[in-house]
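Data block below; observations after.
Computed from the coordinates by the stated procedures, all read-outs in this text should not be read as laboratory data. The structure displayed is predicted, hence computed values, not measured ones. When we count neighbours, we look across all protein chains shown, and the Cβ atoms used for this are built from the backbone with ideal geometry, even at glycine.
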Amino acid sequence: MTVPVVDRAGLPVAARPDWRWRSGGERDLRSVPVLVSLVVLALVFQALNGAYLSADNLVNMTLQASTTGILTLGVVLVLMVGQIDLSVGAVSGLSAAIVAVGVVRAGWPLAVALVAAVLAGAALGAGYGWMFTRLGVPSFVITLVGLMVGVGLQMQVLAPTASLNLPYESALVRFSQESFLHPVASLAVVGAVVVGVTVAGLRDRRRRRAAELPAPSLAEIAARAGVLAVGLGLPVWYLNTSRGIGGMVAVFLGLVWVADVALRRTRWGRSVRAIGSNVESARRAGFAVRRVYLSAFTACAALAAVAGVLSAGRLAAANQGAGGADLTLTAIAAAVIGGTSLFGGRGSAWSAVLGVAVVHAIGSGLTLVNADGSLRYIVTGLVLALAVTVDALSRRSRLVGR
Amino acid sequence: MTHPPVMSLRGITHSFGAVRALVDVDLDVHAHEVVAVVGDNGAGKSTLVAVLAGALVPDAGEVVVDGQEVLLRSPGLARQLGVATVFQDLALCEDLDVVENVFLGQELRRGPLLDEVAMEREAQRLLAQLAARVPSVRAPVSELSGGQRQAVAVARALVGEPRVLVLDEPTASLGVTQTAEVLNLVERVRDRGYGVVLVSQNMADVQAVADRVVVLRRGRVNGVFDGETASYEEIIAAITGVVPNRAGGAR
Ligand SMILES: Nc1ncnc2c1ncn2[C@@H]1O[C@H](COP(=O)(O)OP(=O)(O)O)[C@@H](O)[C@H]1O
Ligand SMILES: [Mg+2]
């Protein structure tokens, strides 16, 4: 490619200043404190109980974490547009009840029950979005209403009983409890991810060089590939020494991947971050702000419904208590701990993974050392307080630091 | 001028509650022309800009683009019609980086995904053209100084070759050099054949580049002057209303 001396309009292209290459790496640095705290938690609990880092316990943790993680992913989406959904737990409980009643009492095929449950969640979310964008009711009020209505609907759906068991031979139960990726398949996925990321990196490098933009060096790309291969391969290999990667875990990580691509690489994702950052600017830039809000609320509630369905499968039952308020608060806490800002605009889909990892690392550790259940709430609450403080301080420093 | 205006406002009237921000305002923007809109604080300049930008649908009046009456009901639509605006508050997103802000709402795509390489290259070209120096085009806007932000906002308006460029006090937070760059840019954009609406409080800026000066006072047009011939005193008089002045400049 030749360098044009003048542009289309005949204007001189001034000597381009030497802009430094900024890789995504600098953004990745935000997750370092979370990763460090995960390591610290692991070391402390391992010292207290030798079974903590056993493959068996880690597999259990990933299974427990994946339903909370899917809830958290939904919460990340609404937090990114600067709103909140306080009803994700209730929506997941409602969808669990719909699946159980649909399959057991109404005799629906499982697929129909699943679709009905997820659609019910999505419809609730769309209702939030409509009330928020058309009537201007604050989202915490709307979703608080949704929380109460959801709990009530769940009771009505389950009535006359307070819980309903799913048959153990149900495909949903077997998927949630017993399906694991074949060890070879799981390592093949890791290989495909590493190769895919590296090829994409090389292609990006070639395009950037052709456009005379700063590009990452080959060494940087190779280092990334190496870190990724070890960082993914080692844990997968270790989990495979026990039961391995659960089907639910794969669903969770797959959803995170899709959400990550949507948030970072599509126009919709750009509009989500713009709206969370400054809604009036986003509107004046021409984004369809109402539609984006609507999509975020809908996606969040639909994800909550998916989480509810999977947890019904894992428990082989739908209970009235399922999806209580503490589940919602855990999901919100995990999103913030993982690095998504409560003030909107900043965050990533991967913060759902990091956040639930921290929350469940604490929960599982305290269970293993036989701590009182109450302690789990207190410790998770304190960690949330820390994360929110960091979030608020970093926001303040950005606003003051102009 | 023999050519019809690329954009005109006819009888634009808008109130915020009891405040009559615009009253029966007419404004023509021709190709190859810089129209300066001047007026005291609260005269209605930014409200007029919002109407041009599609950010505000006025209570009454019509907007004509290329001889067609249009309802500018959204900023996106105005943009599609070729009207690009630099708002007084810049309308940037602090958490987004420079490239993301320059292409906000007009992202380039390859297939379904964003084309970051093309956007980064074009953003660099636009900023270089403005002689703007930013620490990195991948730095969030929250890290930039006032002048750098202004450059980002102006660069955004130049994306996709607009036909009408509307600037609301674009030099307010700029230093001497940057102000000169923006005024240069305004002239270059005009020479490329675009129409420019320059809202300003700075008489020196106005006299440097304006072909026509429209004075707003309390929401009304209180005089239209030829940029070449009008005197500083005449314009100031129309702004302050000390001497009611209806001097019709060249149209
Ligand atoms: N969103 C709004 N709500 C209420 N009043 C407004 C709003 N925007 C502008 N105004 C009022 O309209 C008048 C014109 O404002 P503006 O167009 O911002 O003036 P200028 O840009 O010339 O300083 C002022 O009296 C201002 O207070
Ligand atoms: Mg103004």
If we keep just the residues of segment A:333-364 that are outside any loop (DSSP other than H, G, I, E, B) and hydroxyl-bearing (Ser, Thr, Tyr), which is nearest to A:VAL292 (Cα to Cα)? A:SER351
Return only the number of the condition from (1) part of a helix (DSSP H, G or I); (2) out of contact with any Leu (no Cβ under 8 Å at 6 or more places or on another chain); (3) surrounded by fewer than 17 Cβ atoms within 10 Å (Cβ to Cβ) that A:GLU212 does not satisfy. (1)
Need the failing condition index for A:PHE175 against (1) within 22 Å of the chain's Cα centre (by Cα); (2) closer than 22 Å to A:ALA304 by Cβ; (3) free of Cβ contacts under 8 Å to residues at least 60 places away in the same chain, just the number. (3)
Considering residues of segment A:168-190 that are loosely packed, with under 13 Cβ neighbours inside 10 Å and of a type outside the set (A, V, I, L, M, F, W, C) only, the residue nearest to A:ASN240 (Cα to Cα): A:HIS182
Cβ-Cβ below 7 Å, separation at least six or inter-chain, first residue in segment B:1-26 and more than 14 Å from chain A (Cβ to nearest Cβ), second of a type in the set (Phe, Trp, Tyr) and within 16 Å of ligand 2 (Cβ to nearest atom): which pairs? none
Within segment B:53-77, which residues are more than 8 Å from every other protein chain (Cβ to nearest Cβ) and closer than 29 Å to B:SER145 by Cα? B:GLY54, B:LEU56
Hey, does segment B:69-78 have a residue that's within 16 Å of ligand 2 (Cβ to nearest atom) and either without any contact (Cβ under 8 Å) to a residue 24 or more places away in the chain or of a type outside the set (S, T, N, Q) (or both)? no
Looking at segment A:49-74, I want the residues that are more than 19 Å from A:GLY313 (Cα to Cα) and have a partner that is crowded, with 21+ Cβ neighbours inside 10 Å and among the β-branched types (Val, Ile, Thr) with Cβ atoms under 9 Å, at least 6 apart or on another chain. Which pairs are those? A:LEU73/A:VAL256; A:LEU73/A:VAL353; A:GLY74/A:VAL88; A:GLY74/A:VAL91; A:GLY74/A:VAL306
Could you please find all residues in segment B:159-214 being within 14 Å of another protein chain (Cβ to nearest Cβ), in contact with a helix residue (DSSP H, G or I) (Cβ under 6 Å, 6 or more places away or on another chain) and surrounded by fewer than 20 Cβ atoms within 10 Å (Cβ to Cβ)? B:SER173, B:GLU187
In segment A:257-306, which residues are more than 14 Å from chain B (Cβ to nearest Cβ), touching a helix residue (DSSP H, G or I) at 6+ places or on another chain (Cβ under 6 Å), within 26 Å of B:ALA91 (Cα to Cα) and small (Gly, Ala, Ser)? A:ALA296
